[in-house]
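Working notes for the structure below.
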Amino acid sequence: MQTEESPHTSLTALQAHLHVLSDLYYRIPALRHIPPVLLKPSPISPTLREEFHKLRDVGDIIRSHPIQEALRVARDSLNLDSSQLNSNPRRENRKRRRLPSPDSPQPYVGIQRRSTSLFPPLEDDHDPLTKEALAEYVCQWNQDHKIAKTHLWRRTRDQEDGQLTTLRFIIPDVLMVYVTLALSTANAALVVETVTAFAPREKKFPHSQSDYIVYQTLSQQLARMVQSYPSVSVQSMLGVLCAYKGLFVDRCTVCERVLSTEGHIPPVVRIWREGQWWARHVGC
Ligand SMILES: [Zn+2]
């Protein structure tokens with residue numbers, strides 16, 4: 001009897017399109033870690049082979065039928081839309097990264113959104129951190145923070161600074177994180193460019209990726225945060241990283257588990273709410 005597409009079918013199709021596009025959207029930040037030398041027509045060094053495959057995989061995904069179909073539908077839908085809706089994909093994705101399944105209880109709806117943010121407000125020191133002041137800042141930071149250690153990292157002892165500066169942040173027995181900094185064009189302050197997490201004893205370079213899924217997931221989460229706040233300060237990022245001291249013991253504030261039911265990953269999301277950090281699984 002039904003001749004037209006039912007609302008249920010079109011909703012399912014829309015959910016499928018949103019799912020594949022969201023998936024792709026969250027893969028893109030990981031490409032920011034790939035060194036630009038990969039795009040030059042020079043022979044690929046064996047150490048970059050993994051990055052090359054990663055780049056090619058994302059290219060294949062973009063060209064795949066589900067993505068192309070989802071993009072086509074989105075374009076057609078936008079063309080038909082007369083409301084001049086200029087949506088912000090970052091904000092939309094943050095608000096509802098996962099669609100609720102029909103039998104799930106109340107989905108997470110940003111409880112007390114007003115006091116929730118990705119980064120806490122900076123305490124008393126609002127001065128932009130310049131490159132010249134970084135070494136002294138790191139020294140003072142280490143004196144003030146006992147749970148973690150931070151130091152300037154160089155690939156070799158003689159390496160010249162160049163444009164990028166890298167910090168190595170360590171919480172013993174929990175994680176090691178490379179924070180790559182760049183100069184803001186606006187006020188010459190240092191801002192965070194990329195953040196990549198590793199196991200505490202992994203011997204890896206900043207542009208590589210951890211062998212462990214938990215640190216890969218954490219790197220993706222940190223990349224999302226940086227993408228949402230492209231000019232996030234060094235001070236704010238170090239504050240967030242300290243919140244991962246309980247990475248393997250903090251319970252998710254939504255499902256109250258340490259390990260997620262899907263993937264058995266600890267909660268890698270940290271949200272600043274009511275003056276403290278709340279842990280959450282990516283999918284909760
Ligand atoms: Zn959870």
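Can you name the number of the only condition in (1) within 20 Å of Thr130 (Cα to Cα); (2) in contact with a His (Cβ under 6 Å, 6 or more places away or on another chain); (3) of a type outside the set (Gly, Ala, Ser); (4) surrounded by 20 or more Cβ atoms within 10 Å (Cβ to Cβ) that Cys252 fails?
Unmet condition: (1).
Could you tell me how many of the residues in region 195-227 are part of a loop (DSSP other than H, G, I, E, B) and either crowded, with 20+ Cβ neighbours inside 10 Å or touching a residue at least 40 places away in the same chain (Cβ under 8 Å) (or both)?
Of the residues in region 195-227, 5 are part of a loop (DSSP other than H, G, I, E, B) and either crowded, with 20+ Cβ neighbours inside 10 Å or touching a residue at least 40 places away in the same chain (Cβ under 8 Å) (or both).
Restricting to region 179-194, name every residue that is without any contact (Cβ under 8 Å) to a residue 40 or more places away in the chain and open to solvent by less than 10 Å² (accessible area, probe 1.4 Å).
none
Under 7 Å by Cβ, and 6 or more places apart or on different chains, what pairs join a residue from region 253-280 that is assigned by TED's automatic domain parsing to the domain that holds Gln216 and assigned to a loop (DSSP other than H, G, I, E, B) with one that is of a type in the set (Val, Ile, Thr) and open to solvent by 90 Å² or more (accessible area, probe 1.4 Å)?
Val258/Val249; Ile265/Ile213
Evaluate the following for Val234: is it open to solvent by less than 30 Å² (accessible area, probe 1.4 Å), assigned by TED's automatic domain parsing to the domain that holds Thr194 and within 16 Å of the ligand (Cβ to nearest atom)?
Judged against the criteria, Val234 is not a match.
Looking at this structure, is Val240 over 19 Å from Leu24 (Cα atoms), within 16 Å of the ligand (Cβ to nearest atom) and in a helix (DSSP H, G or I)?
Spelling it out, it is not the case that Val240 is over 19 Å from Leu24 (Cα atoms), within 16 Å of the ligand (Cβ to nearest atom) and in a helix (DSSP H, G or I).
I'd like the residue in region 255-268 that is near the ligand (Cβ under 10 Å from one of its atoms) and open to solvent by less than 70 Å² (accessible area, probe 1.4 Å) and, out of all such residues, is farthest from Thr150 (Cα to Cα).
Restricting to residues being near the ligand (Cβ under 10 Å from one of its atoms) and open to solvent by less than 70 Å² (accessible area, probe 1.4 Å), the top hit is Cys255.
The values are calculated or read from the model by the stated rules, or taken from the named source; none is laboratory data. None of the values given here were measured: they were computed from a predicted structure. Ideal geometry is used to build each Cβ from the backbone, glycine not excepted, and the neighbour counts take in all protein chains shown. Just so you know, the surface numbers come from the protein's heavy atoms only, side chains and all, with ligands and any DNA or RNA stripped out. Shrake-Rupley method; radii C 1.70, N 1.55, O 1.52, S 1.80 Å.
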